[in-house]
1. Taking the condition of a type in the set (Ser, Thr, Tyr) and either open to solvent by 80 Å² or more (accessible area, probe 1.4 Å) or under 30 Å from Val147 (Cα atoms) (or both), does Thr95 pass?
2. Within the range 523-554, work out how many residues are under 30 Å from Thr453 (Cβ atoms), part of a loop (DSSP other than H, G, I, E, B) and within 23 Å of the chain's Cα centre (by Cα).
3. Do you know which residues across the range 485-522 are touching a helix residue (DSSP H, G or I) at 6+ places or on another chain (Cβ under 7 Å), in a loop (DSSP other than H, G, I, E, B) and over 25 Å from Phe374 (Cα atoms)?
4. Could you tell me how many of the residues in the range 340-370 are among the hydrophobic types (A, V, I, L, M, F, W, C) and touching a strand residue (DSSP E or B) at 6+ places or on another chain (Cβ under 8 Å)?
5. Is there a residue in the range 552-565 that is under 30 Å from Pro307 (Cα atoms), in contact with an Asp or Glu (Cβ under 7 Å, 6 or more places away or on another chain) and of a type in the set (A, V, I, L, M)?
6. Residue by residue through the range 523-532, note down the ones that are buried (at least 17 other Cβ atoms within 10 Å of the Cβ) and closer than 19 Å to Asp325 by Cα.
7. Taking the criterion of being part of a loop (DSSP other than H, G, I, E, B), among the polar types (S, T, N, Q) and more than 21 Å from Val546 (Cβ to Cβ), would at least one residue in the range 305-314 satisfy it?
8. Can you go through Gly328, Gly351 and tell me which one is part of a loop (DSSP other than H, G, I, E, B), modelled with pLDDT under 95 and among the small types (Gly, Ala, Ser)?
Amino acid sequence: AALTLLCGSAATVVVWKWLGKRQIQKKMEEARRIRDEGVKKMVKAVQQFREQVPHVQMDAILSLPLLELTQRLQEGSLSPKTVLYTYLEKALEVTQQTNCLRHFIPECEEQLQEIQRQSEKGLLYGIPVSIKDHIGLKGHLSTCGLVQCLDTLVQEDSVLVKVLKMQGAIPFAMTNVPQSLFNYDCSNPIFGPTLNPFNHQKSPGGSSGGEGALIAGGGSILGIGSDIGGSIRLPSSFCGLCGLKPTAERLRVWCTHLLNEDVCSCPTPVPCALGPMARDVDSLALCMKALLCKEMFRLDPTVPPIPFDEEVYSSFAPLRVGYYDTDGYFPLPPCMRRAVQETKRALEAAGHQLVPFSPPRINYVMTELFLKTFFADGGRAWLDVFTEDIVDPTLKPQVNCCKIPRLGKKLLALILKPLVTIPPPLKYVATISICRSVKEMWNHHHQIQVYRTEFITRWRELQLDVMLCPVLGPAFTTGYPGKLLTAISSTMLYNVLNFPAGVVPVSRVTEADEEELKLYRGCCDDPWDRTLKQAVAGAVGLPVAVQCVALPWQEELCLRFMKEVETLSQEK
């Protein structure tokens, strides 16, 4: 009898699990069906427009830089309708190749009518804008790539979307993201993987990877991403774009829909920042100028009322620039270090003063400050978001590490930390520290402040204006970012510090870079270093970028420096 009861219970559990998985599959299929229906509607709308206006010079419109496009729209030589449908058509083409879109926004046609009723033309009048999946848009899902978020529609536009619309912009597409946003690949089980438009074997980066692919493919001229460890800067690096992570509070506008406080709003001492992504630095500056307006400060009183300082951005004064080509924690591929050295020489030739800088204690920052912020509970809160979900293959290395019991993690850390050669997944486990008490958590927050003070003191002692440093790249082969979480030390540092930081493409991977990569040994030629080598191999022709940084609240100076780097790289 007991055996029968046991077998019956086991069978019930199996059936229950099967039913649960079937329910998840149904939800995902429905989400994909809704997306596909939206795509069909947009195809039909574009075809109707083409029949009405058959002689649109599509390539000419797509080739216009944002500043020139805004000028043409403001003066009336181009109509917002023509521009919108041109970008809709191109976005359809790009997403067919890369799967970068999560959803078209059908209300873009209503916004097209609305801007023509506005008494004044805003700074972004008639500009089609793409936004990252989780940014709140009324009547739409904010999924974060998770099944549990497929039931709830956002009730109100986020402040950021309201300000974009007030400035005349037309949000027209929501872009794909990695599951839970905590990955710099771009794949989730609902909508699938997004590919790099320059090489479909490569990742577009993440978590703003859909934005990266869409803009780089020419399907959007301006996008909004978010960044808590490099999620604007890494896709910008992988896709050859310009991207800015501002001081987090400069645009402190988060998604209106929160699936879980720990995943979407991240109320941590390492704050998340929203920022623009585009093809050139002037576009980023225009976007910041448009967003930092009275309407933003009125709608969100937590945003400091600091308008964009055009004088700082337009200055030509020589700069005192700190620089380094390695942070001493995770040696980057040769082409990324080459980019820093070439940019350094170009800046010196242009009359700027370059000062060597060594960022302090990056190993400590990565393990004790950054990772401890997100895995203070051993990753349990993060794992909770997958309880009714299918884990994407690109996230499995991280999820499996977090699933190791706390005692197991402690033992592994004790065994592995003295060793030099550790397989990547185990090395990742060894770096995770846990806060064991509230007191320890408060001390952790305090240590972040202490480090920020130490860094700023060193910056001030050298009398620096800005910093030139490397960014992770070139684009990884898909699947590799999940194996190399701690490779993001180059971007993560400026999230911990909460400094404005931007990325500018300056070069491309050459055959010589690929040959030099064969000699790359990293820190100690361990399995982790070899994994990085595999991740970036086969990248000839892909973009190579550098990172530009300024002190908190100095976004205009950061952008001015980025503009200088961009100009010099184009001259070269």
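1. Details: of a type in the set (Ser, Thr, Tyr): yes; either open to solvent by 80 Å² or more (accessible area, probe 1.4 Å) or under 30 Å from Val147 (Cα atoms) (or both): yes.
Judged against the criteria, Thr95 is a match.
2. Qualifying residue count, the range 523-554: 5.
3. Of everything in the range 485-522, those that are touching a helix residue (DSSP H, G or I) at 6+ places or on another chain (Cβ under 7 Å), in a loop (DSSP other than H, G, I, E, B) and over 25 Å from Phe374 (Cα atoms) turn out to be Val509, Tyr520, Arg521, Gly522.
4. Filtering the range 340-370 for residues among the hydrophobic types (A, V, I, L, M, F, W, C) gives 340, 346-347, 349-350, 354-355, 357, 362, 365-366, 369-370.
With the extra rule that they be touching a strand residue (DSSP E or B) at 6+ places or on another chain (Cβ under 8 Å), the set shrinks to 340, 347, 354-355, 357.
So the count comes out to 5.
5. Checked the range 552-565: at least one residue is under 30 Å from Pro307 (Cα atoms), in contact with an Asp or Glu (Cβ under 7 Å, 6 or more places away or on another chain) and of a type in the set (A, V, I, L, M).
6. Passing the criteria: Asp529, Leu532.
7. Filtering the range 305-314 down to residues part of a loop (DSSP other than H, G, I, E, B) leaves 305-309.
Next, only the ones that are among the polar types (S, T, N, Q) stay: none.
No, the range 305-314 contains no residue that is part of a loop (DSSP other than H, G, I, E, B), among the polar types (S, T, N, Q) and more than 21 Å from Val546 (Cβ to Cβ).
8. Working: Gly351 fails: modelled with pLDDT under 95.
Just a single option satisfies the conditions, and that option is Gly328.
The values are calculated or read from the model by the stated rules, or taken from the named source; none is laboratory data. Everything quoted here is computed from the prediction, not taken from an experiment. Please note: Cβ atoms are built from the backbone with ideal geometry, for glycine as well, and neighbour counts cover all protein chains shown. Each accessible area value is taken on the protein alone, full model and side chains, heavy atoms only, with ligands, DNA and RNA left out. Shrake-Rupley method; radii C 1.70, N 1.55, O 1.52, S 1.80 Å.
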